[in-house]
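Single-structure report; data block below.
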Amino acid sequence: MLNWLRWLPENVSTYGGDIDSIIALIWYSTAVWFVLTFGTIGLFLILYRRRAGRPAAYVKGERLAEALWVLVPVVMVLAIDLWLDFRGAPVWAKVMLERPPAALSIQVTGKQFNWEVVYPGPDSKFGTADDRQFDNELHVPVGKPVRLLLKSKDVIHSFFSPHLRLKQDIVPGRAIEAWFEATKPGKYELPCAELCGFGHSGMKGWLYVHPEEDYNRWVKEQWS
């Protein structure tokens, strides 16, 4: 499946493969339907084109035949849509509903035009004196479920990590939860995926996924 989606960024999320399978299913179903539709149109253009010595024929309308030309494609599209919904439901549940116990909770607030990342500190509580804020930097350990509490200070933003296959719109006045578990250490881009103003193109943070030892060392440096 991944060989079919080589144009996508490398997947480094535990649920990324499931999302990639749905992307591939939708993409190739759409591609097949596109070829069938425009192939039929092209075929008809060739078969029924105007030719010298061939007068136009009057075709008497038949309600059943006309209805079938509409109803058969409708049934086919509906069947494909229901099939995609059936295949996608378990993935949706895995990403949005079946969240594992979090090893770490982080608050990310979008504002024009940067990400404010707040860690709760040793007491594991937000809004206390040991909280620590970073701008456009999200540090996490590899192989640990991370809970995100997403907020906005001004307009709608969209927290997007292509490598994690995670995208969540952030609405002002709401705290929205998301989660991920990174599978590979590295540095990954965190752009805003919602047009949020004139500085939108420069609203970009970075996700740093550390091996556990390196992450523990980073924590000690920040809360020494």
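Here's the list of lysines a cross-link from K111 could span, going by alpha-carbon distance under 21 Å and ignoring same-chain residues fewer than 8 apart: K151, K153, K167, K204.
Which value in Å does the Kirkwood hydrodynamic radius of the chain take, with 1/r averaged over all unlike C-alpha pairs and then inverted? Mind showing how you got there, number by number?
Values: mean 1/r = 0.0472 Å⁻¹.
Computed over Cα pairs of the chain, the Kirkwood hydrodynamic radius comes out at 21.2 Å.
Between I176, I46, I26, the residue with the greatest mean-square fluctuation in the GNM of the chain (Cα pairs under 10 Å linked by springs) is I46.
Per DSSP H run of at least 4 residues, take -39500 (n - 2.57); add these up for the chain, divide by its residues and hand me the 222 nm value, nearest 500 deg cm²/dmol. Provide the component values of the computation, followed by the final result.
Details: 3 runs with 73 residues, N = 224.
Computed mean residue ellipticity for the chain: -11500 deg cm²/dmol.
Of the DSSP H helices in the chain, those that are both long (alpha-carbon extent of 27 Å or more along the helix axis) and hydrophobic (Kyte-Doolittle mean at least -0.5) are 16-47, 63-92. In the frame of its principal axes, the range 104-222 has Cα extents of 39, 32, 21 Å, reported largest first.
I'd like the distance separating the alpha-carbon centroids of the range 56-99 and the range 190-224, in whole Å. The range 56-99 and the range 190-224 have Cα centres spaced 42 Å from each other. In the elastic network of the chain, a GNM with C-alpha springs shorter than 10 Å, the most mobile of R99, R132, R63 is R63. GNM on the chain, alpha-carbon springs under 10 angstrom: the most fluctuating residue among D123, D169, D154 is D123. Is any residue of the range 13-44 close enough, with backbone N under 12 Å, to a label point placed 7 angstrom from the Cα of R54 along the Cα-Cβ axis, and if so, which? Backbone N within reach: 44.
Laboratory data are not the source of any read-out in this text; all were calculated from the coordinates shown. None of the values given here were measured: they were computed from a predicted structure. In this analysis, Cβ positions are derived from the backbone assuming ideal geometry, glycine residues included, and neighbour counts consider all displayed protein chains.
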